[in-house]
1. Restricting to Cα pairs below 8 Å that are 6+ residues apart, what does the relative contact order work out to for segment 43-106? Please round to a whole percent.
2. Describe numerically, in nm with one decimal, the distance between label points set 7 Å from Cα along Cα→Cβ at LYS15 and at ILE167.
3. Would you please give the FRET efficiency between LEU39 and GLN99, computed as 1/(1 + (r/R0)^6) with r the Cβ-Cβ distance and R0 = 25 Å, to the nearest 0.05?
4. Could you work out the local net charge near MET47, counting Lys and Arg as +1, Asp and Glu as -1, over the other residues with Cβ closer than 11 Å to its Cβ?
5. With an 8 Å Cα cut-off and a minimum separation of 6 or more residues, compute the relative contact order for segment 1-107 in percent.
Amino acid sequence: MAQALSITDSAERLKQLLACSAAGGQDCFEALYDELAPLIYTLAFRMLTNQAHAEEVTQEIFLEVWQKAPLYNPDKGSVKGWVCTITHRRAIDRVRSTQAAYQRDLVEGAKHFSESYQPIDQVLEASGNRQWVGGAIEQLPEGQAQVVYLAYFRGMTQQQIADHLNIPVGTVKSRMKQALNNLRCILGGTA
């Protein structure tokens, strides 16, 4: 019975603090904040799984509580329930906002990537260096020339090259590294 009394006392205290806050009582709002902030932050963090977002959302929630305190209706639920509902809504809004921003960035990044991508053979053709680079590749050992050709002129990944040539990926990586070092020397760069 004593525990039920303390729960009621706590709920009543929160109501009084909110009513005092609604009347402009800053000290009451600070006390309300001190009592509810750990719970609100924990709820926000569980939903957002990001400390910075949870901290921002917690601040936004208490700003909203301060602004809307006069609108609180005790007949519709407890102060704690009201603030938790605000928390839930704000956290959901943040999740949606974050996901939308991520999708926008992803689409924009993909658009810029596809706009900036130009196959190496087109770049070499446009610069007039195709024969010069082609001649350098012909000077490489056959295995190195194959991996360079498949990677840069056919656009294959290292795994695809390994599958195509039926060799381990590690061998493809080694040949590619050796080929690029050899090409640097052949084309006049530093090794």
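Read the figures in this text as sums done on the coordinates, not as results from a lab. Please read all numbers here as calculations on a predicted model, not as lab measurements. Because the Cβ atoms are built from the backbone with ideal geometry, glycine has one as well, and the counts that use them run over all protein chains shown.
1. Working: 33 pairs, mean separation 28.6, N = 64.
Over segment 43-106, the number comes to 45 percent.
2. Taking the simple label geometry, LYS15 and ILE167 are separated by 8.0 nm.
3. On the way: r = 25 Å, r/R0 = 1.01.
Result of the calculation: an efficiency of 0.50.
4. Numbers: positive: ARG46, ARG89, ARG90, ARG94; negative: ASP93.
Net of charged neighbours comes to +3.
5. Details: 77 pairs, mean separation 32.7, N = 107.
With pairs under 8 Å counted, the relative contact order is 31 percent.
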